[in-house]
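All remarks here apply to the structure that follows.
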Amino acid sequence: MLKVGLTGSIAVGKSYVCEVLRELGAFVLDADQTARAVVAPHTVGWRKIVEHFGAEILQANGELDRARLGNIVFADETKRKTLNSIVHPLVFAAQNEWLAECEKRDRRAIALIDAALMIESGGYKRFDKLIVVWCAPEIQLQRLIERNSLSEADAIKRINAQMPQTEKKLYADFLIDSSNGFEETRKQTVEIFERLKLLVE
C-alpha cells in the first residue's frame, strides 16, 4: 500500500483535489473530519480543550464554538501551540487506525490523508509521498475572503499564521497549482494519480 500525504495552505483547493482523487479510486481521509471527531463533546480531546480554554469556548449544545476558538488561537501563538499539542496526537492515532483498515481492505491501495498542518506537525514524515497543493497568493486571499466571509485583514492574519506556501512547496514530492481553476487542477491531479499507481508495491 502507498501512504500519501496531501497538504497546502488555507483556501488553496485541497478539498477539490481530494474529491478528484477519491473519484479516481484512492482511499481519502480528511484530517478536518478526524479533528472534529476527536474533539466531539465529552471525548478526551474535548475535555482537555475545555480545561485549557474554559467553558466559554462551548456552544449551548456543548460542542466547541470553532469560530470563537479560532479567533483565540489565531491571535496567540502560544495558545495555538497548546491547542495543536492536544489535537495532533489524537488525530495521528485515529489516522493510523484508518491506514491499517485501508491496508486490510486492499494491499495495493493508495491511501491519502489530507491535512493543512501536516508539515508543521511533522506528520508528513509518516508518508511515502507528499503532495502540496498551492495557488497564487492573491487568488488564495480572494478565495478565503469569499469562502469564510472574512475581512481582508482577518484573512491575511489567518494566512500569515500558517507556514508560507513557498516553504511548504520545498517538502513536496508532487505539486498541484490550483491557480487556474477546476479543469486545470483536475488535469494535474489525474497525472499525479497515474504516477502514484506506478509506485504501489
Discussion item. Shape verdict for region 45-93, please, from the Cα gyration tensor: rounded (a/c under 1.5), prolate (a/b greater than b/c) or oblate.
Written reply: oblate
Worksheet item: How big is D for the chain, in µm² s⁻¹ as a whole number, if Stokes-Einstein is applied with the Kirkwood radius of its Cα pairs at 25 °C and 0.890 mPa s?
Response: 138 µm²/s
Worksheet, complete the sentence: Residue span residue 161 to residue 100: 0.36 nm per residue of separation minus Cα-Cα distance leaves a gain in nm of 18.7 nm
Worksheet item: What number, in percent, do you get for the relative contact order of region 2-197 if the mean sequence gap of Cα pairs under 8 Å and at least 6 apart is divided by its residue count?
Response: 38 percent
Fill in: Gain on full stretching of the segment that runs from residue 150 to residue 52 - 0.36 nm per residue minus C-alpha separation
32.6 nm
Worksheet, complete the sentence: Computed, not fitted: 222 nm per-residue ellipticity of the chain from DSSP H runs ≥ 4 (each -39500 (n - 2.57)), nearest 500, equal to -16500 deg cm²/dmol
Discussion item. For residue 120, project a label point 7 Å along Cα to C-beta. Then give me every residue of region 157-171 with its amide nitrogen under 13 Å of that point.
Written reply: 157-165, 168
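Bear in mind these aren't lab numbers, they're just calculated from the coordinates by the rules spelled out. Predicted model, so just to flag it, every value in this text is computed and none were measured. No Cβ is skipped: glycine too gets one built from the backbone with ideal geometry, and neighbour counts run over all protein chains shown.
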